Amino acid sequence: MPYFLDGNNLIGKALGSRRPSEDDRQALISEVSERLRRTRARAVLFFDGPGDRRTSLGSLSIREAGTGGADEAILREVGRALAPGEITVVTEDRGLTRRVRDAGAATLSPDEFWSRFGTGREPSRRDDAAKVDVEDWLKYFDDEKNREK
């Protein structure tokens, strides 16, 4: 189930600002990316923006909505979806919430989204010790000198 995140709305709720800076956007992207990294969830983060730029960071995609704004871009994507009921839009915007539900998607408040995906804390050393870094193992065994002959 993909999540569509109303980026400016999330920043506005957290900072009380209607005009987020580029630093605010980057901080939100980092936070969401870190939280999604520990799950199988996918999200699309929509920002109001001048262009129609798209970026992908694995399970997180970032889109600038262009002249129509993030709300319209979110509604357009929900409308195009084959199964809009599988999409969850994260926003505090009441008007967008109503329109998204009318289009068949689910909604979630930012607080519910943040609690669902836990804190963005870094794992403790103890957590790290229990994990295996697959990339390190692949590099190790890819090196001829580490193979048995």
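Within the range 1-21, the set of residues being of a type in the set (Ser, Thr, Tyr) and either assigned to a helix (DSSP H, G or I) or without any contact (Cβ under 8 Å) to a residue 24 or more places away in the chain (or both) comprises SER17, SER21.
Yes/no matrix, rows are residues, columns are (1) touching a Pro at 6+ places or on another chain (Cβ under 8 Å); (2) surrounded by 13 or more Cβ atoms within 10 Å (Cβ to Cβ); (3) among the acidic types (Asp, Glu); (4) outside any loop (DSSP other than H, G, I, E, B):
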site	(1), (2), (3), (4)
ASP23	no, no, yes, yes
GLN26	no, no, no, yes
GLU31	no, yes, yes, yes
LEU36	no, yes, no, yes
PRO50	no, no, no, no
ILE62	no, yes, no, yes
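Within the set LEU96, LEU10, the sole residue that is under 19 Å from GLY118 (Cβ atoms), touching a Leu at 6+ places or on another chain (Cβ under 8 Å) and surrounded by 18 or more Cβ atoms within 10 Å (Cβ to Cβ) turns out to be LEU10. For the criterion of being closer than 19 Å to GLU112 by Cα and in contact (Cβ under 8 Å) with a residue 60 or more places away in the chain, ARG35 passes. Please verify whether the range 76-88 includes one or more residues that are touching a residue at least 60 places away in the same chain (Cβ under 8 Å), surrounded by 17 or more Cβ atoms within 10 Å (Cβ to Cβ) and within 18 Å of GLY118 (Cα to Cα). Yes - at least one qualifying residue is present in the range 76-88. The single condition from (1) crowded, with 17+ Cβ neighbours inside 10 Å; (2) part of a strand (DSSP E or B) that ASP71 fails is (2). Of all residues in the range 1-24, which are under 12 Å from the mean Cα position of the chain (by Cα) and charged (D, E, K, R)? Across the range 1-24, the qualifying residue is only ASP6.
No value in this document is a laboratory result; all are computed from the given coordinates. Predicted model only: the values in this text are computed from it and were never measured. Cβ atoms come from the backbone with ideal geometry, glycine included; neighbour counts cover every protein chain shown.
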